[in-house]
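The values are calculated or read from the model by the stated rules, or taken from the named source; none is laboratory data. Remember, it's a predicted structure, so these values are computed and weren't measured experimentally. Reconstructed Cβ throughout: ideal geometry from the backbone, glycine too, with neighbour counts over all protein chains shown. The accessibility values were calculated without ligands, DNA or RNA, using every heavy atom of the protein model including side chains. Shrake-Rupley method; radii C 1.70, N 1.55, O 1.52, S 1.80 Å.
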Amino acid sequence: MSSSNTPSFQNVGIVGTGAMGRGIAQIAAQAGSTVLLYDTNPEAAASAKQQIQQQWKRLADKGRIEEAQAGQWTARLQPVSALAELAPCDLVIEAIVERLDVKRALFGELEAIVAPTAVLASNTSSLPITAIAAQLKTPARMAGYHFFNPVPLMKVVEVIAGLKTDAATCERLTQYAREMGHTPVAAQDTPGFIVNHAGRGYNTEALRILGECVTDVQTIDRILRDQVGFKLGPFELMDLTGLDVSHPVMESIYHQYYEEPRYRPSVIGAQRVAGGVFGRKTQGGFYAYDNGTPVLDSEPPVPQVDNMPPVWVSTRAARRAELYQLLKDLGAKIETGQSPSAEALTIVAPLGFDVTTVAVVERLDPARTIGIDMLVEDAATKRRVLATNPATRPDFRDAAHALFARDGKAVSVIRDSGGFVTQRVVAAIVNIASDICQQRICTPKDLETAVTLGLGYPMGPLAMGNRWGPTNILEVLFNMQTVYGDTRYRPSPWLRRRGAIGLSLMHEED
C-alpha cells in the first residue's frame, strides 16, 4: 500500500460508519484518498473518525507506523453532516443495512448529488447488485465492492458486475483495491457472490452430520481440524460469527437459488436462532463458554484390550496398500485370505458409502465390521476416524480403537455415516466450488484466491479436490447420493467431466 502516489479515486465517500464502513474508510485514507464520512446518525461519523484515529495511534505506539504518517492519514478523514456534502466524491461506497429498499433509495439520492462520472459501489454481502441499481438512470456506473470484516486484516475484496455494470467501472474499482493493499477478485452478480457462496458446504454439511447424530459437535470440529487442517471447526466458526448472522445467510442463499438442495440450511440453526442461542456473543452456542472461553470435553480414553483379534482388510478398501502398511506398523496380526475368519476384526474403507452398505454388499459380518476413513493419506492427518454400524459389537469397536491408537495418534469413533465426516464435508466444498466455475461466476484462480483469503481455508476448494483426487471426490458424491437418495450430492458437471477424463479442476475451457 502506498500513499505517495495519486490514488485512482481522490475523494471517496463512505455512507454508513459501522465496523465495515470504518474499515473501508481506514484503508482508503491510507491509500491517499480524502475520505468523507457520512452517517444518518449525526454523531456517528465523528465517532468513526475518532475510532480510526485511535487504531492508527496504537500502531504508532507499537512502532509499526510513524506518528507523522498517522497524522497525515487522520487529516484525510472528514466527517460530513449531510449527504449533499458528498458531491465532490468520484467514488461513494455504501455500507449500510442489508435492505434492498433502503439501498435503492440511497443510491437514487446519490445519483443526483455526485458527478455523472462518479462510481457508485455497494458493500452488500447478499443483495443482488442488479436489483440495487435497477432504478438508477445510469446503472453502468454501479458495482458491488464487497469487503470482509475486519477490513484492514481481511485482504480480499469482491468486485461484482451487475447486469448493466460497465466493464470500466469494475476495472477502476479493481485498480483501487490494489492501491488499498487488497487483492481484488472479479465476480458475477449471483447469490453469495464468491466467498459466501463457496462457504455453503462447510457449515451446512456439518449441521447435516450433527442432525443425523453421527457424532457430537466437538468431535466434528476435531476431525475437520486434524484431518483437513481447517483453523476452526464449523461449529467453532458458527459460534464465533454468531448464528444470528450465519443462519440468515444460509437461508438467503438457499432461497435466492430457488431451494437448491446443495445449499439447504438446517432446522438446528433455525431452532437456535429462535431461542437466542447465537454463540460467543450470547455466552452459549454449540459450545458452552466460561468467561469467553469454550468449555471442552477431554478426548475419550483409549480402551484397554487384552486380546487383540486378527485383522482382515476388504479387497475394495481405499488406499488398501497404505492401510496394510499402517496395520503392519501398528503390529496387527493380518489375515490375507479372500474372506475373514470367524474371529477377525473386519476393516472396510469406503468412499461415500456407509459401513452398513459395504458390509451387506461384500457379505461381511456386520457385528465385526468397522470402517476407517482413508480419503486423506494417513501420514498427512493428525487423527484417524473409525465408524461403526448399528450391529457392531462393542468389543470389536474397542479393539479397532485400541489398535489404531497404538502409535499415539488421536482416534475418533463415530456412528455410521455415508462419507464419514471429512469425505462428505470436503466433497460438498469441492462440488459447490466446481459449480461456481461451471456457472462462470468467477475464474478458478479468483475462486481459490477468494476462498483462501476470505474464508481462511488451508487450501482452495479446487486445490482440495485435486489434492485428494477428482475421481475420489466423484466417487464419494455418487455413493452418498445412493446412500441418502438426496440430489444435494449430485456432482457438478464441472467436477464430473474433469474427474472422468483426468483433468485438473483448475482447467478452464477456451
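Using only alpha-carbon positions in the stretch 336-387, the gyration tensor eigenvalues give semi-axes of 21, 13, 9 Å once each is multiplied by 5 and square-rooted (largest first). By the Kirkwood approach, averaging reciprocal distances over each pair of separate Cα atoms, the chain gets a hydrodynamic radius of 25.1 Å.
The Rg/Rh ratio of the stretch 406-510, with both radii computed over alpha carbons and Rh defined as the Kirkwood radius, is 1.01. Relative to one another, the C-alpha centroids of the stretch 147-169 and the stretch 1-70 are positioned 18 Å apart.
Solvent-accessible area of the chain (1.4 angstrom probe, protein heavy atoms only): carbon and sulfur portion equals 51 percent. Label-to-label distance, Asp101 versus Ala75, with points set 7 angstrom from Cα along the beta-carbon direction: 4.5 nm.
Net charge in the neighbourhood of Thr130 (other residues with Cβ under 13 Å of its Cβ; Lys, Arg +1, Asp, Glu -1) is +2.
When restricted to Cα atoms, the stretch 143-247 yields an Rg and a Dmax of 17.1, 51 Å, respectively. With a simple spin-label model that places each label point 7 Å from the Cα along the Cα-to-Cβ direction, the separation between Ala46 and Val277 comes to 4.5 nm. Taking every protein chain into account, the 1.4 Å probe leaves Cys213 with about 80 Å² of accessible area, to the nearest ten.
Of the residues Leu77, Leu91, Val361, the one whose Cα sits farthest toward the positive end of the charge dipole of the chain, with +1 on the Cβ of Lys and Arg and -1 on the Cβ of Asp and Glu, is Val361.
Estimated from helical segments only, the mean residue ellipticity of the chain at 222 nm is -13000 deg cm²/dmol, where each DSSP H run of four or more residues counts as -39500 (n - 2.57).
Its convex hull of Cα atoms gives the stretch 339-438 a direction-averaged projected area, equal to a quarter of the hull surface, of 7.3 nm².
Dipole check for the stretch 237-349: with +1 at the C-beta of Lys and Arg, -1 at the C-beta of Asp and Glu, and the Cα centre as origin, the magnitude is about 300 Debye. Taken about its Cα centre, the stretch 386-481 carries a charge dipole of roughly 80 debye when the Cβ of each Lys and Arg holds +1 and the Cβ of each Asp and Glu holds -1.
About the centre of its Cα atoms, the stretch 16-132 shows a dipole size close to 380 debye [charges on the beta carbon of Lys, Arg (+1) and Asp, Glu (-1) only; nearest 20 debye].
Restricting the calculation to Cα atoms, the stretch 207-313 shows an Rg/Rh of 1.09 when the hydrodynamic-style radius is the Kirkwood one. Hydrodynamic analysis of the stretch 274-395 uses the Kirkwood radius over alpha carbon pairs. Inserted into Stokes-Einstein at 4 °C and 1.567 mPa s, it gives a translational diffusion coefficient of 77 µm²/s. On a per residue basis, the stretch 174-258 carries 32 Å² of accessible surface, using protein heavy atoms and a 1.4 Å probe. Only alpha carbons enter this Debye calculation for the stretch 90-219, each as an equal point scatterer, and the log10 of I(q)/I(0) it gives at q = 0.15, 0.18, 0.19 Å⁻¹ is -0.70, -0.92, -1.01.
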